1. Say each of Tyr277 and Asp13 gets a label point 7 Å from the Cα, pointing the same way as Cα to Cβ; how far apart are those two points in nm?
2. Between Gly322, Asn303, Leu335, whose Cα lies farthest towards the positive end of the dipole of region 289-339 when Lys and Arg beta carbons carry +1 and Asp and Glu beta carbons carry -1, centred on the Cα centre?
3. Of Lys205/Lys291; Lys125/Lys313; Lys205/Lys334; Lys2/Lys129, which pairs sit farther than 27 Å apart, going by alpha carbon to alpha carbon?
4. Counting only protein heavy atoms and using a 1.4 Å probe, what share of the accessible area of region 250-339 belongs to carbon plus sulfur, as a whole percent?
5. Quick one: check the C-alpha center-to-center distance for region 110-141 versus region 161-220, whole angstrom.
6. Decide, for region 62-126, between rounded, prolate and oblate: order the square roots of the alpha carbon gyration tensor eigenvalues as a ≥ b ≥ c, take rounded if a/c falls under 1.5, and otherwise choose prolate if a/b is larger than b/c, else oblate.
7. For region 1-160, what class follows from the C-alpha gyration tensor (a ≥ b ≥ c being the square roots of its eigenvalues): rounded when a/c is under 1.5, otherwise prolate if a/b is larger than b/c, else oblate?
8. Of Val14, Ser248, Met111, which is farthest towards the positive pole of the chain's charge dipole, taken about the Cα centre with +1 and -1 on the beta-carbons of Lys, Arg and Asp, Glu respectively?
Amino acid sequence: MKAIYYNSHGGIDVLKYGDVDEPKINRGEALIEVKYSSINRIDLLIRKGYPGINIPLPHIPGIDLYGRVIDVDNNDEINPGDYVVANTVFGCGHCEFCLSGKENMCNLWKMIGFHINGSHAELVKVPSKTLIKVKGNGEKLGVTPLSLSISWSALVTVGKIKKDDFVLIYGGSGGVGTFAIQVSKLFGAKSIVTTRNEEKEKILKLIGANYVINGNEENITERVMEITDKKGVDIVIDYIINPTMQVSLDVAKTNGKIIVFGFLGGNVFPINWQKFYLKSLRIYGIHNASKLELKNAIKYVENNEIEPYISRKLSLEEVIDGHKIMENNEIIGKLLVKI
């Protein structure tokens with residue numbers, strides 16, 4: 001079968017397109033004919049070598065997955081011929097977190113396209129317990145699983161978002177950001193989104209952002225406090241950390257929440273602990289989301305209440321070009337990969 005793969009970690013030049021062996025499923029696995037996938041920022045981090053996590057090589061990337069079931073073992077809800085997405089993360093199945101439906105918190109968590117081969121291939125095998133049967137537009141569903149589920153986990157599960165909340169979203173033009181704008185709107189909250197690009201600013205407003213701050217032209221802290229009548233925001237979505245965390249501490253309202261799920265600007269930052277405790281702030285760390293969270297969120301895509309913003313469509317062979325587009329930040333929303 002055809003696939004994108006690499007034999008060593010490094011720059012874009014390690015990516016190869018060619019023939020690899022077809023996967024064979026074992027007990028508790030499913031074989032999926034991939035129809036659509038996407039490229040996520042984490043694909044680039046995994047390709048370069050993710051700090052502290054060993055990735056078996058050679059490796060096929062690709063985290064998002066929409067496709068048709070060819071064969072399946074040990075899942076009474078899924079049959080050959082069904083169209084499915086897969087939750088991106090899975091656990092051991094036996095710990096307290098897995099048994100309570102929070103497999104993303106399992107200490108032995110693994111991720112499709114990370115610890116195991118991913119969806120940038122004609123066929124992929126995944127644990128059958130990750131699958132969710134879906135209906136609707138395959139392109140939209142194919143770019144949804146990772147970005148939407150993280151947005152949902154951050155805002156709904158952890159953030160407890162509610163009507164009239166103010167939500168600050170850094171770098172809102174990415175996959176998670178564009179979904180977070182729409183999740184905020186779904187719950188009647190008001191999104192404040194940052195960008196440094198004038199063209200992206202226009203599109204973010206079209207997607208549904210209530211306020212867009214151009215960081216090249218405005219002081220983010222001052223503008224946020226002006227928008228919120230000096231009260232600050234209820235929820236901050238921060239996956240940059242350095243230098244954004246100081247702004248997050250400044251603009252979060254008393255008893256507000258800062259939710260972290262990445263560190264694009266650097267993973268070490270000295271926190272102003274006095275401001276942290278005097279404002280009774282809460283900082284949460286999340287990674288990925290549970291299958292239940294994705295199941296609850298993706299129905300809004302199936303019903304066209306959340307519309308993934310797809311700015312580019314690529315073939316499997318063009319995934320290599322997609323990594324270049326992503327590294328150059330020439331992207332708004334999602335990059336669709338049609339297999």
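The values are calculated or read from the model by the stated rules, or taken from the named source; none is laboratory data. Since the structure is predicted, the reported quantities are computational estimates derived from the model, not experimental observations. A quick note on method: Cβ atoms are made from the backbone with ideal geometry, for glycine too, and the neighbour counts reach across all protein chains shown. Side chains included, ligands, DNA and RNA excluded: accessible areas come from the protein's heavy atoms. Shrake-Rupley method; radii C 1.70, N 1.55, O 1.52, S 1.80 Å.
1. Placing both labels 7 Å along Cα→Cβ, they lie 5.2 nm apart.
2. Farthest towards the positive end: Asn303.
3. Flagged as over cut-off: Lys205/Lys291.
4. 48 percent
5. 28 Å
6. oblate
7. The shape class here is rounded.
8. Of the options given, the answer is Ser248.
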